[in-house]
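Asks: Before I ask anything, here is the structure I am working with.
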Amino acid sequence: MARPRVLVTRSIPEPGPSLLQAACEVHIWPEALPPPRAALLEAVRGCHGLLSLLTDRIDAEVMDVAGPQLRVISNLAVGVDNIDLQAAARRGIAVGHTPGVLTEATADLTWALLLAAARRIVEGERYVRAGEWQTWDPLLLLGTDVYGATLGIIGFGRIGQAVARRAQGFGMRVLYHSRRTMPSEVTAQAVDLPTLLRESDIISLHAPLTPATHHLINRDTIRLIKPGAILINTARGALVETAALLEALRAGHLAAAALDVTDPEPLPADHPLLALPNCIVVPHIGSASRQTRARMAEIAARNLLAGVHGAPLPHAVALPAPSAEE
Ligand code: DGY
């Protein structure tokens, strides 16, 4: 049988490409930016497998243009909100993702942002570079104590729990709100969302983006947040209503925010959030360590290879029951 055709929508780290090239005819989108829609549709035609990134919208149209031989979509991410899972289920296409391997890297980055926001590290660094540092000053760049504070974690899956584990070293009280009560070796208290918002000094988001979590942090929920609290988002930008966050930061209701993910993403350089000294934004780098990205690429490649050969994916996404209507 001819080698299966697969499309990889951007350059990915080794061992991903080598694993694929050993068994498949591989087309890797060669440019630094994601394929524009028309190019994606052109390139996917006739493929048996698609290795996609979170920047690619993979919907029914992409699946249909690819053709009925498309057996697997393997996302180089744990989140799969860029894929229409219902459309995949209806067409019998398996969907893979990369859970587990990016948990610790993402929790580390969450903590980097948490500490930076609470202790105003980015503001301080800019201050020094701008030549404004004249003397030690008892009132200079006062932040928020992290040690002993209350941390509220929204979404208590692998990454939320890894963030909570780190909080133990900081003597924090940890609250969490999650769809399910999670068995966890971390000492944390399950609470409802309003309680978490009212009692937390620092709130960190780790829920997947779904219709139920879209704009979970909005004008109404922000009103419940304790004045002077800090918001960290390393999950998905659209969990937060950006305009409401902007207002809360401007008004000082939130002391600070630190975002690895934004809505829109990427955030344009002239976006008003970037004019605020109390908002830190980094470019979706939660899993961006060499080791983690290599593991993600390997898992994504192995998911793809299993899928094109009709085998169960090592890391399959549970698909919804296919509904009749598109
Ligand atoms: C994911 O995996 O969903 C992250 O956002 C990127 O690592």
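The values are calculated or read from the model by the stated rules, or taken from the named source; none is laboratory data. In this text, all values refer to a predicted model and were calculated from it rather than measured experimentally. Note that we place each Cβ from the backbone using ideal geometry, even for glycine, and neighbour counts take in every protein chain shown. Areas reflect the complete protein model, heavy atoms only, side chains present, ligands, DNA and RNA absent. Shrake-Rupley method; radii C 1.70, N 1.55, O 1.52, S 1.80 Å.
Asks: Out of Ala112, Ala107, Ala130, which single residue is among the aliphatic types (A, V, I, L, M), free of Cβ contacts under 8 Å to residues at least 24 places away in the same chain and within 16 Å of the ligand (Cβ to nearest atom)?
Replies: Matching residue, one of Ala112, Ala107, Ala130: Ala112.
Asks: Looking only at residues that are part of a loop (DSSP other than H, G, I, E, B) and charged (D, E, K, R) in the stretch 273-326, which one is nearest to the ligand (Cβ to nearest atom)?
Replies: Per the stated criteria, the residue is Glu326.
Asks: If you don't mind, another one. Select from the stretch 47-88 the residues that are within 16 Å of the ligand (Cβ to nearest atom) and assigned to a loop (DSSP other than H, G, I, E, B) and list them in ascending order.
Replies: Leu53, Leu54, Thr55, Asp56, Arg57, Leu76, Ala77, Val78, Gly79, Val80, Asp81, Asn82
Asks: State all residues of the stretch 29-55 that are farther than 16 Å from Ala306 by Cβ, among the aliphatic types (A, V, I, L, M) and surrounded by 18 or more Cβ atoms within 10 Å (Cβ to Cβ); if no residue qualifies, say none.
Replies: Passing the criteria: Leu40, Ala43, Val44, Leu53, Leu54.
Asks: Do the conditions hold for Asp145, that is, is it in a loop (DSSP other than H, G, I, E, B), among the acidic types (Asp, Glu), open to solvent by 40 Å² or more (accessible area, probe 1.4 Å) and touching a residue at least 12 places away in the same chain (Cβ under 8 Å)?
Replies: yes
Asks: Among all residue pairs at least 6 apart or on different chains, which show Cβ distances below 6 Å where the first residue, located in the stretch 85-104, is touching a residue at least 12 places away in the same chain (Cβ under 8 Å) and the second is of a type in the set (Ser, Thr, Tyr) and not in a helix (DSSP H, G or I)?
Replies: What qualifies is Gly96/Ser74; Leu102/Ser287.
Asks: Is one or more of the residues making up the stretch 101-108 closer than 16 Å to His284 by Cα, open to solvent by 50 Å² or more (accessible area, probe 1.4 Å) and under 27 Å from the mean Cα position of the chain (by Cα)?
Replies: yes
Asks: Same structure again: With the requirement that a residue be within 19 Å of Asp108 (Cβ to Cβ), of a type outside the set (Val, Ile, Thr) and within 16 Å of the ligand (Cβ to nearest atom), what does the stretch 222-237 give you? Spell out how you get there, then give the answer.
Replies: We begin by selecting, within the stretch 222-237, every residue within 19 Å of Asp108 (Cβ to Cβ); these are 230-236.
With the extra rule that they be of a type outside the set (Val, Ile, Thr), the set shrinks to 231, 233, 235-236.
Hits for the stretch 222-237 are Asn233, Ala235, Arg236.
Asks: Still on this structure: Would you pick out the residues in the stretch 257-277 that are open to solvent by 40 Å² or more (accessible area, probe 1.4 Å) and of a type in the set (A, V, I, L, M, F, W, C)?
Replies: Going through the stretch 257-277, the residues open to solvent by 40 Å² or more (accessible area, probe 1.4 Å) turn out to be 263-266, 268-270, 272, 274-275, 277.
Correct list: Ala269, Leu274, Ala275.
Asks: Checking the condition in contact (Cβ under 8 Å) with a residue 40 or more places away in the chain, farther than 24 Å from Ala88 by Cβ, β-branched (Val, Ile, Thr) and crowded, with 21+ Cβ neighbours inside 10 Å, which residue from Ile285, Ile280, Ile299 passes?
Replies: Going through Ile285, Ile280, Ile299 in turn, the sole match is Ile280.
Asks: For the stretch 223-249, enumerate the residues that are within 22 Å of the chain's Cα centre (by Cα) and over 21 Å from Leu115 (Cα atoms).
Replies: Ala238, Leu239, Glu241, Thr242, Ala243, Ala244
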